[in-house]
1. In debye to the nearest 20, how big a dipole does the chain give about its Cα centre with +1 on each Lys and Arg Cβ and -1 on each Asp and Glu Cβ?
2. So for the chain, taking the charge dipole from beta-carbon charges (+1 Lys/Arg, -1 Asp/Glu), which of Ala47, Gly9, Asn74 sits furthest toward the positive end?
3. Nearest 5 is fine: what % of DSSP beta bridges in region 17-126 come out antiparallel, could you say?
4. Okay, helix-only estimate at 222 nm for the chain: each DSSP H run of n ≥ 4 adds -39500 (n - 2.57), divide by all residues, round to 500 deg cm²/dmol; what do you get?
5. Which three extents, in whole angstrom, do the alpha-carbon atoms of the chain cover along their principal axes, largest first?
Amino acid sequence: MASEKCYCGSLEPFELCCNRYINGTQKAPTALALMKSRYSAYATHQADYLLETTHSSQRKLYSKAEILNWATANQWQKLEIISVTDTTVEFKAYFKDENNEDQVHHEFSTFKQENGSWFYVDGTFK
């Protein structure tokens, strides 16, 4: 049986790509890897992971229920990486909303590494 390709757009199977970060067997080694795994977490409705990988200074701004609602209300289509630095990722996340209309979430995200783990800090919408 063929493994499902990863939601982040890599050619790797999900289990060998982003899921190893989502399930906690490995830490995302870069801001880009964390960003891709967070996209995959939205696609697979992993609200706990999304909260855990949000920087502690920002976590209070989010709720698990709101994250889960956003993740499940949309059909995640694809991820496009626009630009990357050591601590930033600009991306477009394509999805169909609850009305089955095509949408694009274009964001410039900032990440921070602490104690060997990467965290999403915030994002500016484009």
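Computed from the coordinates by the stated procedures, all read-outs in this text should not be read as laboratory data. Every value quoted in this text rests on a predicted model; they were computed, and no experiment measured them. Virtual Cβ from ideal backbone geometry, glycine too; neighbours counted across all protein chains shown.
1. Details: 13 positive and 16 negative charges, 52 e Å.
So the magnitude is around 240 debye.
2. Positive-end residue among those listed: Ala47.
3. Working: 25 of 26 bridges.
Just about 95 percent of them are antiparallel.
4. On the way: 4 runs with 33 residues, N = 126.
Result for the chain, helices only: -7000 deg cm²/dmol.
5. Computed over the chain, the largest-to-smallest principal extents equal 39, 35, 29 Å.
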